[in-house]
Amino acid sequence: MHPRRPPASSWKYAPLNPTNNINNRTNIELSQYETLNNGSILGFQEKYVRRIVRELIPYDNVILNCSEDPWVNNAEDPPAETRPSREVKEFIRRVSEWIKDE
């Protein structure tokens with residue numbers, strides 16, 4: 001379960017791209033989106049994940065996915081689709097903690 005990271009080809013249109021956002025988001029690159037080093041966006045991601053988890057808890061037929069294809073923009077060995085980087089693994093752990101806390 002995570003706030004969906006936009007594909008690289010559409011980052012220029014993504015609402016969390018600082019160019020498209022007037023809500024004082026930190027200026028980050030797409031590769032930082034699924035890391036703990038994404039500035040003010042992390043707080044919004046936490047609120048989003050916790051809200052979704054609280055809403056879905058009553059349903060036993062829902063599976064939560066902490067990170068969809070985390071290697072796409074953060075591979076240890078680009079351009080191949082390999083293991084996610086250390087920074088992305090730390091992000092996935094944090095998202096997992098939010099889910100467990102709820």
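The values are calculated or read from the model by the stated rules, or taken from the named source; none is laboratory data. Given the structure is predicted, the values throughout are model-derived calculations rather than measurements. Here Cβ is always computed from backbone atoms with ideal geometry, including for glycine, and neighbour counts include all displayed protein chains.
I'd like to verify a number: residues in region 20-59 that are surrounded by 15 or more Cβ atoms within 10 Å (Cβ to Cβ) and of a type in the set (Asp, Glu), how many?
2
Of all residues in region 6-35 being outside any loop (DSSP other than H, G, I, E, B) and over 16 Å from the mean Cα position of the chain (by Cα), which is modelled with the highest pLDDT?
The qualifying residue modelled with the highest pLDDT is Asn20.
Got a number for residues in region 57-91 being at pLDDT 90 or above and closer than 15 Å to Gln45 by Cα?
Here the count works out to 2.
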